[in-house]
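All of the numbers you see were taken from the coordinates with simple rules; none came from a lab. All values derive from a computational prediction rather than experimental measurement. Glycine also receives a Cβ, built like all others from the backbone with ideal geometry; neighbour counts cover every protein chain displayed.
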Amino acid sequence: MTRHQQSFERLSRVLECIADHEIGNAISSVREFRAGNQLTGTKERLASLFADLEQDELTWLEMVLCVRAQQAGRDMAWRRFAESSHRELVAFYR
């Protein structure tokens, strides 16, 4: 199995562990985790899911969670995704 396939399988397993009612919390948790913040309390379970993921995988996970939230009718998460992805894109091309 190639590295990309393994990465996708790992990410798919993480997504399967996040229930629809946890999406908003998972998005904020991914952002905090990527920033290097320690997740405590109810977010500890999510931190354990993210622990083996690389930074690029965490970015992808955040994007997919935001799309999932948008599809569930959570318009604000979609806007946050649009803003954060735009900032990342701009930073990448500078």
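Inter-label distance, Met63 to Ser48: 2.9 nm, where each label sits 7 Å from its Cα along the C-beta direction. Neighbour counts of C-beta atoms inside 10 Å place Val30, Val67 in the sequence Val67, Val30, starting with the fewest. Across the stretch 18-30, computed HN-Hα scalar couplings (Karplus, 6.51 cos²θ - 1.76 cosθ + 1.60, θ = phi - 60°) run 9, 6, 4, 6, 9, 4, x, 5, 5, 4, 5, 5, 4 Hz from first to last residue, x flagging Gly and Pro.
Taking 0.36 nm per intervening residue step and subtracting the Cα-Cα distance, what contour gain separates Thr2 from Thr40 on full extension?
Values: separation 38, 0.36 × 38 = 13.68 nm, distance 3.37 nm.
Here the answer is 10.3 nm.
Is the C-alpha gyration tensor of the stretch 3-59 telling us rounded, prolate or oblate? Criteria: a/c under 1.5 is rounded; beyond that, a/b larger than b/c is prolate, otherwise oblate. Note, shape of the stretch 3-59 comes out oblate. Backbone geometry of the stretch 35-47 corresponds, through the Karplus equation with coefficients 6.51, -1.76 and 1.60 at θ = phi - 60°, to 3J(HN,Hα) couplings of 7, x, 7, 7, 8, 10, x, 5, 8, 4, 4, 5, 4 Hz, x marking Gly and Pro.
Give me Cys17, Cys66 ranked fewest to most by other Cβ atoms within 10 Å of their Cβ, as a rough exposure proxy.
Working: Cys17 13, Cys66 24.
So the ranking, lowest neighbour count to highest, is Cys17, Cys66.
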